[in-house]
């Protein structure tokens, strides 16, 4: 075998190897696959979709009757930041053709999951979701970012409570300006330090069932008012 042929074969093998490695490294960053099967099987249109992170995902797991009995669909994914929610907003919200969407985001942005985000950037992603919903005739209910003064998985994060308050100030002002219902979980659940107390949480971030019951009463009222029930 000539040297040129050996080089060609070696180069081809290297390219194939690189392609295989690249395929293995590909990641479904937005986790489109999480609800892909459920989305295909769901009966459309749905009443309300809850878009969020682990707080929304745990909600559906801890109190499934709240969702099934009311015609609500939970589309929360643990660990997600607002940018990931924007990416999957089409398959997990728009394509389900809901009457309304409840948006709860921001906790993991403040905790700096995956990357650093400012309140302005998080707020921008929330506004993007609102605009996507409205462009598709979906009514919007905005929620305050949940109270948290620390994150067990990122103990180095300081000033979380203040950052969340700043973000919520932006969300509330935007909701009022654009006549969007605003559900203030933060005021209803936060302790004096701006965190989630043991009364409502085991880790200071994720609500217990008692915490979710408080949230349910607040969001139910907003949903009924929004849908004219």
Taking helices (runs of 4 or more DSSP H) that fall entirely within the stretch 65-111, which contain at least 1 residues that are under 21 Å from residue 213 (Cβ atoms) and in contact (Cβ under 8 Å) with a residue 12 or more places away in the chain?
107-110
So, of the residues in the stretch 129-152 that are in a helix (DSSP H, G or I) and in contact with a strand residue (DSSP E or B) (Cβ under 7 Å, 6 or more places away or on another chain), which turns out to be surrounded by the fewest Cβ atoms within 10 Å (Cβ to Cβ)?
134
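Quick test for you: out of 78, 54, pick the one residue that is in contact with a helix residue (DSSP H, G or I) (Cβ under 6 Å, 6 or more places away or on another chain) and at pLDDT 95 or above. Full working, then the answer.
On the way: 54 fails: in contact with a helix residue (DSSP H, G or I) (Cβ under 6 Å, 6 or more places away or on another chain).
Every option except 78 fails the conditions.
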Reported set for the stretch 160-191 where residues are in contact with a helix residue (DSSP H, G or I) (Cβ under 9 Å, 6 or more places away or on another chain) and not in a helix (DSSP H, G or I) is 178, 180, 181, 182, 183, 184, 190
Any pair with Cβ under 7 angstrom, 6 or more apart, that starts in the stretch 177-195 at a residue that is at positive phi and ends at one that is modelled with pLDDT of 95 or more:
194/147; 194/164; 194/165
Select from the stretch 185-218 the residues that are modelled with pLDDT of 95 or more, closer than 20 Å to residue 123 by Cα and crowded, with 16+ Cβ neighbours inside 10 Å and list them in ascending order.
185, 186
Which of the numbered conditions does residue 125 fail, given that it passes all the others? Conditions: (1) in contact with a strand residue (DSSP E or B) (Cβ under 9 Å, 6 or more places away or on another chain); (2) assigned to a helix (DSSP H, G or I); (3) buried (at least 20 other Cβ atoms within 10 Å of the Cβ).
(1)
Please work out if residue 201 is within 12 Å of residue 146 (Cα to Cα), touching a helix residue (DSSP H, G or I) at 6+ places or on another chain (Cβ under 8 Å) and without any contact (Cβ under 8 Å) to a residue 60 or more places away in the chain.
yes
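The values are calculated or read from the model by the stated rules, or taken from the named source; none is laboratory data. Model, not experiment: these values are computed from the prediction. When we count neighbours, we look across all protein chains shown, and the Cβ atoms used for this are built from the backbone with ideal geometry, even at glycine.
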